[in-house]
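Scroll down for the structure; my scribbles are underneath it.
The values are calculated or read from the model by the stated rules, or taken from the named source; none is laboratory data. Values in this document were obtained by computation on a predicted structure and should not be read as measured data. Every residue, glycine among them, receives a Cβ derived from its backbone with ideal geometry; neighbour counts consider all protein chains shown.
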Amino acid sequence: MSLGWNHSLMNFVSMMILALAMSTDAFAAAVGKGTALRNPRLSEALRTGIIFGVIEAITPLVGWALGSIAAEFVADWDHWIAFTLLSILGVLMIRTGLRAKEAESTPAIRHSFWLLAATGFATSIDAMAVGVSLAFIDNNILITAAAIGLASFVMVTLGVMVGRLIGNVAGKWAEILGGLALMGVGTVILYEHLTM
């Protein structure tokens, strides 16, 4: 009984780490958006957070659906696929975080919906790839997608509001930490499957 509880706790902790990792690139983008805005208001931060959160919640579902189609063909090595995808995504996020970010030009008062949606989609490509990898393991994709969307909503709203104060440096470190977290989740998935 305690073994089952520990396994559930590990799944919950892994899901929370995954949700936070998926939201860090959105947070980094939001910091940039907040920095580019002139005195961003809470309403603009919430609007940005909702757009990003909805997109970040939908993309893992799309990825999971695509991965589910292929899951039956690769059931014997699915944990290696999840580990590899998450590790690659983690490395890419770290590399992006290490790159110097270019400063935005003249501050605006409000970003257009389409600019925010395009940015949200660009930062959610990794969530779609994670959704693909989650199709190969025992996971409740609806709860995970909701957790990713909620974490993204909170992180993006926060990122916009404090963007002027913390600047691009915090965004860079957030992506690096998110990449390390993704690699950690991939390692946990591999460990669990190899020790069962």
Item to complete: Show the residue pairs that are 6+ apart or on different chains and have beta-carbon atoms under 7 Å apart, the first residue being within segment 121-150 and part of a loop (DSSP other than H, G, I, E, B), the second being of a type in the set (A, V, I, L, M).
Response: S124/I55; A135/A71; F136/A71; F136/V74; F136/I81; F136/A82; I137/A82; I137/I189
Worksheet item: What are the residue pairs meeting all of these: first residue in segment 180-193, first residue farther than 13 Å from L89 by Cα, second residue modelled with pLDDT of 75 or more and surrounded by fewer than 17 Cβ atoms within 10 Å (Cβ to Cβ), Cβ atoms under 9 Å, and 6 or more apart or on different chains?
Response: V188/V13; V188/I17; L190/W80; H193/W80
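Restricting attention to segment 80-137, and to residues there that are of a type in the set (A, V, I, L, M) and in contact with a strand residue (DSSP E or B) (Cβ under 8 Å, 6 or more places away or on another chain), which single residue is modelled with the lowest pLDDT?
Of segment 80-137, the ones of a type in the set (A, V, I, L, M) are 81-82, 85-86, 88-89, 91-94, 98, 100, 103, 108-109, 115-118, 122, 125, 127-130, 132, 134-135, 137.
From what's left, in contact with a strand residue (DSSP E or B) (Cβ under 8 Å, 6 or more places away or on another chain): 108-109.
Details: A108: 56, I109: 62.
Within segment 80-137, the match that is modelled with the lowest pLDDT is A108.
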Fill in: When residues of segment 2-47 are limited to those that are at pLDDT below 80 and among the charged types (D, E, K, R), the one surrounded by the most Cβ atoms within 10 Å (Cβ to Cβ)
D25
